[in-house]
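Q: Handing you a structure now.
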Amino acid sequence: MNRQTRRYKVQLAVIGSGLAGFAASVFALERGIHCAQVGNTGAIAYTTGYFDLLGSHQHRLLNDPWAGLDRLLSSEPDHPLSRIAKAEIRTAFDRFTQTLTEMGISYTRAGDRNLFALTPAGTLKPTLSVPMTMQSGIAARERGAKVLIADFWGLQGFSANEFVANGKASWPQLSATRLAFPDMESGAQVFPEVMARALEVPVNRERLAERLSAVLGDAESIGMPAIMGIHKPDHVHAELERLVGVPLF
Amino acid sequence: MNTQETNGVETFETDVLIIGGGVTGTGVMRDLALRGIHCLLIDRRDLNAGASGGNHGLLHSGGRYASQDAETAAECRQEGDILRRIAAECIDDCGGLFVAVEGDDPEFAEAFSGHCKAAGIQCTSLSPMEAREREPMLSERVFAAYAVTDATIDPFRITLGNVNHAQQLTRSLFLPHTEVERFEIENGVISSAWCRDMRTGARRRILARQVVNAAGAWAMQVAQLAGCSEVRLLYSKGTLIISNTRIGQGVINHLRRPGDGDILVPGGTVSLLGTTSDNIESLDDIRPTVAEVERVLNEGRAMVPCLEKTRFIRAFSGVRPLLLASGSGADGRAVSRGFTLFDHQDQGLENFATVTGGKLTTFRLMAEKTGDLVARRLGNTQPCRTATESLPSGDAIRWTEPGFAPRDWYKRNDPQDMILCECEMVPQSAIDSIVESAPGAEQQMTLQAIGVRSRVGKGSCQGSFCSIRVTSHLYDRGVYDSSQGLLHMRDFLSARFKGVQPVLWGEQMPQMELSEALHCSLMGLDQLESQSDAPDGIGDPEST
Amino acid sequence: MTAAVQNSLPVIDFKAKAHELLPQGASYDSCLNCGLCSSGCPASGLEGMDPRRFIRMAMLGMNEELSSTPWIWTCTQCKRCMYVCPMSIDVSVLVGLARGGWPVEKKPKGIVRSCEAQLRFSSTSAMGVRSEDFIEVVEEIVEEVREQDERFRHIEAPIDKQGAYFFVNQNSREPAVEPEELAPLLKIFDYVGADWTYASKGWAAENFCMFTGDDAAWKEMVKQRVDAVNELGCKVWVNTECGHSFYTIWKGIERFGLDAHFEPGSLVSFYAQWIREGKLPVNPDWNTRGIKFTLQDPCQLVRKSIGDPVADDLRFVAKQLVGEENFIDMQPCRSANYCCGGGGGFLQAGMNEQRHAYGKRKFDQIMTTQADYVLTPCHNCHTQMDDIGEFFGGHYRVIHFWTLICLSLGILGENERKYLGPELADIGLSR
Ligand SMILES: Cc1cc2nc3c(=O)[nH]c(=O)nc-3n(C[C@H](O)[C@H](O)[C@H](O)COP(=O)(O)OP(=O)(O)OC[C@H]3O[C@@H](n4cnc5c(N)ncnc54)[C@H](O)[C@@H]3O)c2cc1C
Ligand code: SF4
Ligand code: SF4
Ligand code: SF4
């Protein structure tokens, strides 16, 4: 049997569809280089969404990752990060998060200090840039705001109780609640990917927003597992916030 | 039993204190309880934290010892028959083969069936073709093969069953993470045992009429606490590796003088290959090494070449206590060449006994002999009943059997009963029953303790996913209510990783990369303030 | 979970079989248990199962359960799980194996009957359309087109034309229930001056035998068609816009090592080629109201067969037809697209409740685009998306490419607009 094969003529072939491959394509396209990228599912499918630079050095947490880079340079001159100029790292970070922002997945701009992002367990993790959808959570913690954490029937591996139990020492104004996700009320297993996609549909957002509003009480903000959209998270996030009337993360 | 607290020291009273929660210690517990005697069992870590949780799980037909030690061989055969009757649920009667491959001593192989016959062990000669029909992945280079009645036994189920039954019979009690530190001896009698709670540091005092030292490889140390120097042990470390899936139908033994990597034993849904045998000086920090794993693999490949490409998920090590000299005194003589029971009469102690050595296969017999001694000393005339009385099952002790949880879950057909461990398919309901009523269940039960009582963390992901899910579930149930839960999770993962490290190649590599991403990048576990309760580095409860 | 099928079914040793079936290097043993497959599988949760669970149960030796779970008829064998799996693990192989293990009398009747019908006549039609009836219907339609439209006064639909470039397989649905839908494609062939032929033997495109898990029947079906094409000496085999028909030949030839003297081609790729060559001068000028369109990538054609190159063609054609600004992709799409839930014989299996649950994901995807129309070159997708649209209260319509091509060219007859809405009822009508 003959089967046609297609040939693509490009200037650059990027092999690998992880973060590095993706970034390579982005930077190439910016320079007007015609490229094709190949690869299959890899680690990127499991990523957290945070962009770390340097969170700790020799078992010490770092507030200032840039200063940390200096220390890294002296302790580990061969570390990949020791081989790149700081200015270049900064530019690359900015360009990359800029691209994502243009795609509807906004990121906070890499600053001078690490952010202490919230993990699903309610602990903190130093990182440099987080999706905008998570940003209000970081701010709420810094203020010690009164925040409600919601989890969902059937969603495994995220427990609002756990978040609160671990977070409450430094953030006493936390409380937990459990909701049923629209059309996933049976209590059977639900997947975050499916919830996130469902929220891309306006009517599902409205129904979830009603349920969130019903439990809001006097909380200033609500935190949830990472289910606010997947293709257009910025849009989903903004719409949900508009419907509920308080910051969400 | 009375417990009371004075000056912050909890005091327990019992007929018999048993030290060591392995198959032997728990066997003694059940044996005595069947005679109506109350026992208190303690372990410095948990059930099966020693050799009982670090072995092949092979119920020896006796074939292995037939050529050198006919007595042990016969003992294995007899005990095997008894266990098949009283603990059928814990046994997979899968049969076994002894095979010799090119390069092995043909004379040794030739003599095998004669030796078996002499020890009364059933043994059928097979052609290499017939052997390969039974086990298709056997090497083409097999030149001699015999079928024997090897089986496998789940030591966790046995231990849990023993404790569970003793609790039911005489309300006997098991205290985990309780280490004996000191004995008070008055007039040739141990009047109390002083212990420390390894988690909280709290001190405990135990008043017992009799004390049994079943501390396995640690038996020498415990005996020395009572001033008994005649228990002299040599430590032999053995390392095994676990494959991701079951490799053969039955047990495959290398037909030659015992050496490294010469037994491949199925364990439900996985297989275990081992073991090495190296004398070591100290019991601290027992962990498998890359070199040991390589040795085991190299040898194993001679029998089963596909081991070359097999995915291994973990290695683990156990320590066999070897008796240096037999005991003394009328009752203290070696009961058999496999194990030894010391009555310590010579040392002037009336209420102390040590039992160590032996095999998993012969634990019941060890317990019987010990039980006879202790009962007699207590003036109890009840006979031993463990050879006839079946080991009862129970709700909270069924979860160590591979494949049981998923079958049970599938049958119950409850969509809300979520699977928490996907590799081994352990549902929420199993975890709930363990936390509520498994032997050793307590407030804030650790993931490690749950792992000992179930298949959680035993699959290919080695706890990557289930640790997160089970922890979340326990927070949900209110079992955990502080950051302690996360620390338990981290300890559990570190313990698992110790075993994964030496087999990190091939397919287990991406698995662990993923695990690191989850636990460090996502959960930030590497940044948790360390408040680990892990004492020294002794082997964590391991299981297949 | 509904109770597994009563009475014991033959038990398959999945682990052992998997080792035989899988290509070198692929193995269920390498599964990371990460759950990406399950998270992206619309059949997850049905009958208490999902793809990861299926693999684990196979590795745990739960052969009885797997041999009897009805879930295998809800998995459409769309291979999305494999596509997202970092270890490229293919659950659908095991599902096919399990399907094959069910005794014929227990398999879903709809699928079995369709396969039996195909095996009965040389037409290979699942709807039992015999060759003589087919030829008659085609002749009638040709007659009608000639009468209705001046421009097609000389249109032909050759049958058994020796040495024609294209061998065209026809899905039975049109000749059986909506013969007027045959016309647009005939017009397109005529418009571009294609050298093509239908055949009197093996002309039907569908293959339900593949879905029964009966490999021998699948092979038989493909063989009959391959022989028919070889006999006529055609260069390229194409089928009408139907996903699984393409896959069944494309994959079947390779799987059964058949000797095919031709190349299986996708009709959509030829649309694209003809548009590029100027032979099919379509444009979106008719779309003055900015009607929005989205596109369903049939998994059988895209993910399971040709891959993203044909997804590119689909988009090229769609955009040329409706205007770039009126085209909105579903997410995810192309090779990562979700199956609609009509495939794998699901539409014929009589498990409507499960099929709707499966289709909810597709429905949400379509609703997110807010498109008025869904274009798709697949009959099963078409029927399923229509059905879930009705079931969940969607307002979109589903159409074939040929309808829109003819609409754009101004050659779509009045009676060929069954699937168009009233707003398009009179656009491009020449008389
Ligand atoms: C690598 C290896 C492979 C083996 N394979 C097989 C096999 O296939 N078949 C077979 O029949 N046998 C096998 N054996 C032998 C068998 O596993 C052992 O004989 C049996 O498990 C010993 O049980 P035990 O209860 O005497 O000791 P252990 O299981 O070691 O129990 C001793 C317990 O005492 C506790 N302890 C120690 N000190 C103190 C203290 N101060 N206070 C409180 N508690 C304390 C420890 O934590 C431990 O839990 C194998 C052994 C090894 C090492
Ligand atoms: S996606 Fe692949 S590796 Fe992950 S659970 Fe599914 S089959 Fe296993
Ligand atoms: S083939 Fe499709 S339906 Fe079947 S398990 Fe995979 S993703 Fe699900
Ligand atoms: S019906 Fe459509 S979407 Fe589903 S399997 Fe077939 S081609 Fe794929």
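The values are calculated or read from the model by the stated rules, or taken from the named source; none is laboratory data. Quick caveat, the model's predicted, so the values are computed rather than measured. Heads up, the Cβs are rebuilt from the backbone with ideal geometry, glycines too, and the neighbour counts pull from every protein chain shown. For accessibility, only protein heavy atoms count, side chains too; no ligands or nucleic acids. Shrake-Rupley method; radii C 1.70, N 1.55, O 1.52, S 1.80 Å.
Q: Report those helices (runs of 4 or more DSSP H) wholly inside the range C:9-124 carrying at least 3 residues which are touching a residue at least 40 places away in the same chain (Cβ under 8 Å), within 11 Å of another protein chain (Cβ to nearest Cβ) and more than 16 Å from ligand 2 (Cβ to nearest atom).
A: Result: C:63-68.
Q: Hey, another quick one. For the range B:4-29, give me each residue that is of a type outside the set (Val, Ile, Thr) and either within 16 Å of ligand 4 (Cβ to nearest atom) or in a helix (DSSP H, G or I) (or both). Steps first, please.
A: Initial filter on the range B:4-29 (of a type outside the set (Val, Ile, Thr)): B:4-5, B:7-8, B:10, B:12-13, B:15, B:17, B:20-22, B:25, B:27, B:29.
Hits for the range B:4-29 are B:25, B:27, B:29.
Q: I would also like to ask the following. Which of (1) within 14 Å of another protein chain (Cβ to nearest Cβ); (2) of a type in the set (Gly, Ala, Ser); (3) out of contact with any Leu (no Cβ under 8 Å at 6 or more places or on another chain) is the odd one out, the single condition residue A:117 does not satisfy?
A: Here residue A:117 meets the rest and fails (3).
Q: Report whether or not residue A:169 is within 14 Å of chain B (Cβ to nearest Cβ) and free of Cβ contacts under 8 Å to residues at least 12 places away in the same chain.
A: On the way: within 14 Å of chain B (Cβ to nearest Cβ): yes; free of Cβ contacts under 8 Å to residues at least 12 places away in the same chain: yes.
It is true that residue A:169 is within 14 Å of chain B (Cβ to nearest Cβ) and free of Cβ contacts under 8 Å to residues at least 12 places away in the same chain.
Q: What residue, of C:429, C:409, C:420, C:404, is away from ligand 2 (no atom under 16 Å from the Cβ) and buried (at least 21 other Cβ atoms within 10 Å of the Cβ)?
A: Details: C:429 fails: buried (at least 21 other Cβ atoms within 10 Å of the Cβ); C:409 fails: buried (at least 21 other Cβ atoms within 10 Å of the Cβ); C:420 fails: buried (at least 21 other Cβ atoms within 10 Å of the Cβ).
Sole residue among the options that is away from ligand 2 (no atom under 16 Å from the Cβ) and buried (at least 21 other Cβ atoms within 10 Å of the Cβ): C:404.
Q: For the range B:441-537, please list each of the helices (runs of 4 or more DSSP H) lying entirely inside it that holds at least 2 residues being within 12 Å of another protein chain (Cβ to nearest Cβ) and among the hydrophobic types (A, V, I, L, M, F, W, C). Step through it out loud before you land on a result.
A: Details: elements: B:447-452, B:466-476, B:484-500, B:508-516.
Output list reads B:466-476, B:484-500, B:508-516.
Q: Let me ask you something else. Just a yes or no: is a residue in the range B:417-434 more than 14 Å from chain A (Cβ to nearest Cβ) and open to solvent by 40 Å² or more (accessible area, probe 1.4 Å)?
A: No, because not a single residue in the range B:417-434 is more than 14 Å from chain A (Cβ to nearest Cβ) and open to solvent by 40 Å² or more (accessible area, probe 1.4 Å).
Q: Additional query: Pick from A:121, A:176: which is open to solvent by less than 20 Å² (accessible area, probe 1.4 Å) and in contact (Cβ under 8 Å) with a residue 24 or more places away in the chain? Walk me through how you get there before you give the answer.
A: On the way: A:176 fails: open to solvent by less than 20 Å² (accessible area, probe 1.4 Å).
Among A:121, A:176, only A:121 is open to solvent by less than 20 Å² (accessible area, probe 1.4 Å) and in contact (Cβ under 8 Å) with a residue 24 or more places away in the chain.
Q: Being part of a helix (DSSP H, G or I), surrounded by 22 or more Cβ atoms within 10 Å (Cβ to Cβ) and in contact (Cβ under 8 Å) with a residue 24 or more places away in the chain is the filter here, so list the residues in the range A:179-206 that pass it.
A: The answer is A:195, A:197, A:205.
Q: How many of the residues making up the range A:25-46 are within 30 Å of residue C:33 (Cα to Cα) and open to solvent by 40 Å² or more (accessible area, probe 1.4 Å)?
A: Summing the residues that are within 30 Å of residue C:33 (Cα to Cα) and open to solvent by 40 Å² or more (accessible area, probe 1.4 Å) in the range A:25-46 gives 8.
Q: Of the conditions (1) more than 17 Å from the chain's Cα centre (by Cα); (2) touching a residue at least 12 places away in the same chain (Cβ under 8 Å), residue C:210 fails just one. Which one is it?
A: Condition not satisfied by residue C:210: (1).
Q: From C:187, C:161, C:219, which residue is farther than 25 Å from residue C:121 by Cα and either basic (Lys, Arg) or outside the structural domain of residue C:127 (by TED's automatic domain parsing) (or both)?
A: Details: C:161 fails: farther than 25 Å from residue C:121 by Cα; C:219 fails: farther than 25 Å from residue C:121 by Cα.
Answer to the check: C:187.
Q: Just for strands (runs of 3 or more DSSP E) wholly inside the range B:336-435: which have at least 2 residues that are closer than 24 Å to residue B:463 by Cα and within 16 Å of ligand 2 (Cβ to nearest atom)?
A: Numbers: elements: B:339-342, B:352-357, B:419-421.
Strands (runs of 3 or more DSSP E) meeting the threshold: B:419-421.
Q: Determine which member of the set C:103, C:86, C:108 is under 20 Å from residue C:214 (Cβ atoms) and open to solvent by 20 Å² or more (accessible area, probe 1.4 Å). Walk me through how you get there before you give the answer.
A: Values: C:86 fails: under 20 Å from residue C:214 (Cβ atoms); C:108 fails: open to solvent by 20 Å² or more (accessible area, probe 1.4 Å).
Residue meeting the stated conditions: C:103.
Q: Let me ask something additional. Return the total of residues in the range C:72-99 being away from ligand 4 (no atom under 16 Å from the Cβ) and under 29 Å from residue B:404 (Cβ atoms). Before the answer, list the steps.
A: Step one: filter the range C:72-99 for residues away from ligand 4 (no atom under 16 Å from the Cβ), giving C:85-89, C:94, C:97-98.
Subset that is under 29 Å from residue B:404 (Cβ atoms): C:85, C:87, C:89, C:94, C:97-98.
Of the residues in the range C:72-99, 6 are away from ligand 4 (no atom under 16 Å from the Cβ) and under 29 Å from residue B:404 (Cβ atoms).
Q: Is there a residue in the range A:60-68 that is open to solvent by 80 Å² or more (accessible area, probe 1.4 Å) and outside the structural domain of residue A:115 (by TED's automatic domain parsing)? Please lay out each step first, then the result.
A: Of all residues in the range A:60-68, those open to solvent by 80 Å² or more (accessible area, probe 1.4 Å) come to A:60-61, A:63.
Right, trim to outside the structural domain of residue A:115 (by TED's automatic domain parsing) and you get none.
Taking every residue of the range A:60-68 in turn, none turns out to be open to solvent by 80 Å² or more (accessible area, probe 1.4 Å) and outside the structural domain of residue A:115 (by TED's automatic domain parsing).
Q: Which of the numbered conditions does residue B:117 fail, given that it passes all the others? Conditions: (1) part of a helix (DSSP H, G or I); (2) modelled with pLDDT of 95 or more; (3) of a type in the set (Lys, Arg).
A: Failed condition: (2).
Q: Now for a separate question. Here is a list: C:187, C:219. Which entry is open to solvent by 10 Å² or more (accessible area, probe 1.4 Å) and in a helix (DSSP H, G or I)?
A: On the way: C:187 fails: open to solvent by 10 Å² or more (accessible area, probe 1.4 Å).
Being open to solvent by 10 Å² or more (accessible area, probe 1.4 Å) and in a helix (DSSP H, G or I) holds for just one of C:187, C:219, which is C:219.
Q: Strands (runs of 3 or more DSSP E) wholly in the range B:139-187 with at least 3 residues that are farther than 30 Å from residue B:122 by Cβ and charged (D, E, K, R) - which ones? Steps first, answer last, please.
A: Values: elements: B:142-148, B:151-153, B:173-175, B:178-186.
Once the strands (runs of 3 or more DSSP E) in the range B:139-187 are filtered for at least 3 residues that are farther than 30 Å from residue B:122 by Cβ and charged (D, E, K, R), what remains is B:178-186.
Q: Would you mind telling me which numbered condition in (1) within 17 Å of residue B:418 (Cβ to Cβ); (2) away from ligand 3 (no atom under 11 Å from the Cβ); (3) of a type in the set (A, V, I, L, M) residue C:66 fails?
A: The single condition residue C:66 does not satisfy is (1).
Q: Provide a single number: the residues in the range A:95-116 that are over 20 Å from residue A:238 (Cα atoms) and of a type in the set (Gly, Ala, Ser). Give the derivation first.
A: Filtering the range A:95-116 for residues over 20 Å from residue A:238 (Cα atoms) gives A:95-96, A:110-116.
Now restrict to residues that are of a type in the set (Gly, Ala, Ser): A:110-111.
Here the count works out to 2.
Q: Also: What are the residue pairs meeting all of these: first residue in the range C:326-337, first residue in a loop (DSSP other than H, G, I, E, B), second residue open to solvent by 20 Å² or more (accessible area, probe 1.4 Å) and hydroxyl-bearing (Ser, Thr, Tyr), Cβ atoms under 8 Å, and 6 or more apart or on different chains?
A: C:330/C:368; C:331/C:368
Q: Among the numbered conditions (1) modelled with pLDDT of 95 or more; (2) out of contact with any Ser or Thr (no Cβ under 7 Å at 6 or more places or on another chain); (3) among the hydroxyl-bearing types (Ser, Thr, Tyr), tell me where residue B:229 comes up short.
A: (1)
Q: From the list C:345, C:323, which residue is outside the structural domain of residue C:240 (by TED's automatic domain parsing), within 17 Å of the chain's Cα centre (by Cα) and either within 16 Å of ligand 3 (Cβ to nearest atom) or free of Cβ contacts under 8 Å to residues at least 40 places away in the same chain (or both)?
A: C:345
Q: Go through (1) in contact (Cβ under 8 Å) with a residue 24 or more places away in the chain; (2) open to solvent by 20 Å² or more (accessible area, probe 1.4 Å); (3) more than 10 Å from every other protein chain (Cβ to nearest Cβ); (4) of a type outside the set (Val, Ile, Thr) one by one and return the number of the condition residue A:143 breaks.
A: Among (1) in contact (Cβ under 8 Å) with a residue 24 or more places away in the chain; (2) open to solvent by 20 Å² or more (accessible area, probe 1.4 Å); (3) more than 10 Å from every other protein chain (Cβ to nearest Cβ); (4) of a type outside the set (Val, Ile, Thr), the lone unmet condition for residue A:143 is (1).
Q: Quick one: would you say residue C:406 is in a helix (DSSP H, G or I) and in contact with a Pro (Cβ under 7 Å, 6 or more places away or on another chain)? So that I can check it myself, show each step before the final result.
A: Working: in a helix (DSSP H, G or I): yes; in contact with a Pro (Cβ under 7 Å, 6 or more places away or on another chain): yes.
Judged against the criteria, residue C:406 is a match.
Q: Which one of these does residue C:297 not meet: (1) more than 14 Å from chain A (Cβ to nearest Cβ); (2) of a type in the set (Asp, Glu); (3) away from ligand 4 (no atom under 14 Å from the Cβ)?
A: (3)
Q: Let me ask something additional. Of these, A:104, A:157, which one is closer than 30 Å to residue B:422 by Cα, within 19 Å of the chain's Cα centre (by Cα) and part of a loop (DSSP other than H, G, I, E, B)? Steps first, answer last, please.
A: Values: A:104 fails: closer than 30 Å to residue B:422 by Cα.
The match here is A:157.
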